[in-house]
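This report refers to the structure that appears directly beneath it.
The values are calculated or read from the model by the stated rules, or taken from the named source; none is laboratory data. Computed from a predicted model, the values in this text were never measured in an experiment. A quick note on method: Cβ atoms are made from the backbone with ideal geometry, for glycine too, and the neighbour counts reach across all protein chains shown. Keep in mind that these areas ignore ligands, DNA and RNA; they rest on the heavy atoms of the full protein, side chains included. Shrake-Rupley method; radii C 1.70, N 1.55, O 1.52, S 1.80 Å.
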Amino acid sequence: MNDEVNEDIFDHVAREIKADQNIVSRQLGVICATIAAYSAVIFFTFLVFRLHPSISCEFVNNEVLLRFWPPNTAILSVLKTSGYSQSDQCLLIAMRSFASMVMLPAVVVFLVKQLFASDSYHVQGMMTVFIIVLAASLASAYIGPTEHYSRYRMSFDSPIEANIWKSMIHIFGFYLAAFVLAFRLPAYIRSTRRKR
């Protein structure tokens, strides 16, 4: 009798570990595919916006497009006092908005899909870390450019391409945390409902 109970416990633990591995594996696969697709779309968009400044300036002139990445409104007035040309200012704002515009629907789709998934178990931990990363990456995106060169922050001494790259890191960090939360939050909610 005792051996059967121990065997049931081990079987339950083995199923839990296998379910955890499946969830993590699926998350990693989707995140890697998303990173690859995101990078390709952003690079292609950069080339198009660089060749056609009038398209990128639409992101500055159109309030809806401008606000796809909310920190854009905070740096818009600071950019006007910079030494960047109008087309470079538009390029920076457009790339930031476009990057967010591409990622936001993907996060929403993954969240809705996860809401209706039927995972048996939830991978414990790490949700707090991703909430902190999400908040920190969004908050740090509101910090305006510096007057002098900075390795990690946007600066007026850097070429516009470097500032775009630095912005993409903030945006990517924000949406990476959002993707992970889109996977983990519904699984966490389902696991807490099962425990009741």
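Data for the structure
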item: All positions within segment 95-109 that are open to solvent by 30 Å² or more (accessible area, probe 1.4 Å), more than 12 Å from the chain's Cα centre (by Cα) and touching a residue at least 40 places away in the same chain (Cβ under 8 Å); result: F98
item: Residue list for segment 156-173, filter: open to solvent by 40 Å² or more (accessible area, probe 1.4 Å) and either in a helix (DSSP H, G or I) or over 24 Å from L47 (Cα atoms) (or both); result: E161, W165, I169, H170, F172
item: Of all residues making up segment 30-87, the number that are in contact (Cβ under 8 Å) with a residue 60 or more places away in the chain, open to solvent by less than 70 Å² (accessible area, probe 1.4 Å) and closer than 17 Å to I160 by Cβ; result: 9
item: Counted residues, segment 158-179 - those being closer than 18 Å to Q89 by Cα and small (G, A, S); result: 3
item: Hey, I17 surrounded by 13 or more Cβ atoms within 10 Å (Cβ to Cβ), out of contact with any Asp or Glu (no Cβ under 6 Å at 6 or more places or on another chain) and at pLDDT below 90 or not; result: no
